[in-house]
Amino acid sequence: MENYFQPEFETMPLEKIKELQNEKFMKQMQHVWNDCPDYRRKMEQSGVSIDDIKSIDDISKLPFLSKDDLREGYPYAMLAKPLSECVRIQSTSGTTGKRVIAYYTMHDIDLWEECCARALAAAGATNEDVVHVSYGYGLFTGGPGLNGGSHKLGSLTLPMSSGNTDRQLQFMTDLGSTVLCCTPSYAAYLGETIAEKGIKDQIKLKAGLFGAEAWSEEMRRDIEKALGIKAYDIYGLTEISGPGVSFECSEQTGMHINEDHFYAEIIDPDTGEVLPEGEQGELVFTCLDKEAFPVIRYRTKDICVLTRKQCSCGRTFIKMVKPRGRSDDMLIIKGVNVFPSQIEAVLLEQGYQANYQIIVDRVNNSDTLEVQVEMTNENFSDDLGKVNEMEKELVAALKSMLGIYAKVRLVAPKSITRSEGKAVRVIDNRKI
């Protein structure tokens, strides 16, 4: 039997969903027009007034928001409530020092945690379960989101955060964790470590919610076999709230979008034209009832398809297929958003030229990142000790910018292949 957290919304008839979306959208647009100068300015620049918006059917008249818009307005872009009413921030990784900061009122956190509770319930979790949260905490949304969702569900919550695998396994066995929440690559690593230690018979896991990085169906099967669980996908992004924007049910043919809180569109990434259901394009989200950070028509850069095909789980929310790529150059490595421009900024700051190549791979189910950098004629050296020191300095600078480790290999000037067209900066060898 399918498990729901809020069946009155999750199984709502389509006409009721549309009515609710329209009602919330009109209220949200009035809020944004009155209280969010950033977006009101964008509307005015686009020649759109609040009087032009009569229903949600007019949403295509509104301008898009991009990550660049949010960065340019750092740190208060799209803030629509006084700071005195905001109780938390979360943040993305920064590009050239400019992060996107998302603000939350208590109301916003409640809604976000309810969305995560729905995802946990869809994976079979109840208040009888022990939910083991191994996503990162702090500014990253993974840990706080699933932590709050588990609380809403009434489950015993283990706020483990990432890393320290021996401690993870000790708590997992001693406290009988039944639902695991982490990145798929870390789930695979836990599976390998459990096998090496010969403790699979002590593991009580039954399900896992894995997101924040791309993973294949083959990887899903490997994780399920290694951990003896059913593995579910979960999707979200800081700009919209965090994990729980959409989630898989028992059917596992796509992720249900929480349509009572988020309105989804698919657009042609080149023209911005709204595409009909079933066509592939860029996913765009509008927050229908967020108070502090109500982004409207936000371009996610994720390429996917929406479908309303009836689902065997009984949920009526529209589904998004697993994203099939991106319309920009962002990489997701170990759950962290990495842009080549971030790496380029570090190299230039450290006195190198922008001649580099990024090599991403997946070794033993874990993402690896290597940056090959050309030395300049001025700093070129064949002294191995000196080169090692230079590499260490770059490793530290990149870790500070990206938040994750990147191996650095310094190479001789002009040794990276030049292209007459667009430079091939990224080689992604992951099979995803």
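None of the figures in this text is laboratory data; all of them are computed from the coordinates on show. Treat the numbers as computed from the prediction; the structure is a model and nothing was measured. Don't worry about glycine lacking a Cβ; one is built from the backbone with ideal geometry, like all the others, and counts go over all protein chains shown.
Each of Thr126, Thr253, Tyr74 was scored by the projection of its Cα onto the charge dipole of the chain, and the greatest displacement toward the positive side belongs to Thr126; charges sit on the C-beta of Lys, Arg, Asp and Glu. Summary of the geometry: region 102-150 and region 289-318, compared by the centres of their Cα atoms, lie 18 Å apart. Note on the chain: dipole from Cβ charges, positive end direction compared against Ile229, Ile267, Cys313; the farthest Cα belongs to Ile229. Dipole magnitude for region 235-307: about 260 debye, using +1 per Lys or Arg Cβ and -1 per Asp or Glu Cβ, origin at the Cα centre. Extension gain, Asp68-Lys18: 0.36 nm per intervening residue step, less the Cα-Cα distance, totals 14.9 nm.
Each peptide in 372-382, 294-304, 334-344 gets a packing score, the mean of other Cβ atoms within 10 Å over its residues, and the list from highest to lowest is 294-304, 334-344, 372-382. Selection among Val395, Ile332, Tyr356 by position relative to the dipole of region 331-428 gives Ile332 as farthest towards the positive end (Cβ unit charges, Cα centre).
Among DSSP bridges having both ends in the chain, what percentage is antiparallel? Round to the nearest 5.
Numbers: 39 of 63 bridges.
Roughly 60 percent of the beta bridges in the chain run antiparallel, per DSSP.
Using the beta-carbon distance between Leu275 and Glu218 and R0 = 22 Å, what value does 1/(1 + (r/R0)^6) give for FRET efficiency, to the nearest 0.05?
0.15
Within the shell defined by Cβ-Cβ distances under 12 Å, the residues around Ala123 carry a net charge of -1, with Lys and Arg each +1 and Asp and Glu each -1.
Distance between the C-alpha centres of region 16-81 and region 243-273: 19 Å, rounded to the whole angstrom. Computed over the chain, the per-residue total of -39500 (n - 2.57) for DSSP H runs of n ≥ 4 gives a 222 nm mean residue ellipticity of -9500 deg cm²/dmol, rounded to 500. Working note: Karplus 6.51/-1.76/1.60 with θ = phi - 60° gives region 167-182 the couplings 5, 4, 6, 4, 5, 4, 7, 5, 9, x, 3, 10, 10, 9, 10, 5 Hz, where Gly and Pro are set to x. With a simple spin-label model that places each label point 7 Å from the Cα along the Cα-to-Cβ direction, the separation between Glu370 and Glu349 comes to 2.5 nm. Applying a DSSP loop filter and a limit of 13 other Cβ atoms within 10 Å to the trypsin sites (Lys or Arg not before Pro) in region 380-418 leaves Lys414, Arg418. Here the extension length gained between Thr11 and Asp268 equals 89.5 nm, from 0.36 nm per residue of separation less the Cα-Cα distance. You can think of it this way: the chain between Asn379 and Thr253 has 40.0 nm of extra reach, that is 0.36 nm per residue less the Cα-Cα gap. Summing charges over all other residues whose Cβ lies under 13 Å from the Cβ of Glu8, with Lys and Arg as +1 and Asp and Glu as -1, gives 0.
The string of couplings for region 218-223 from the Karplus curve (6.51, -1.76, 1.60, θ = phi - 60°) is 4, 5, 4, 4, 4, 5 Hz, one whole number per residue in order, with x for Gly and Pro.
About its Cα centre, what dipole magnitude does region 83-184 give when the only charges are +1 on Lys and Arg Cβ and -1 on Asp and Glu Cβ, stated in debye to the nearest 20?
On the way: 6 positive and 9 negative charges, 80 e Å.
Dipole about the Cα centre, nearest 20: 380 debye.
In debye, nearest 20: dipole of the chain around its Cα centre with unit charges on the Cβ of K, R (+) and D, E (-)?
Numbers: 50 positive and 65 negative charges, 113 e Å.
For the chain, the charge dipole is close to 540 debye.
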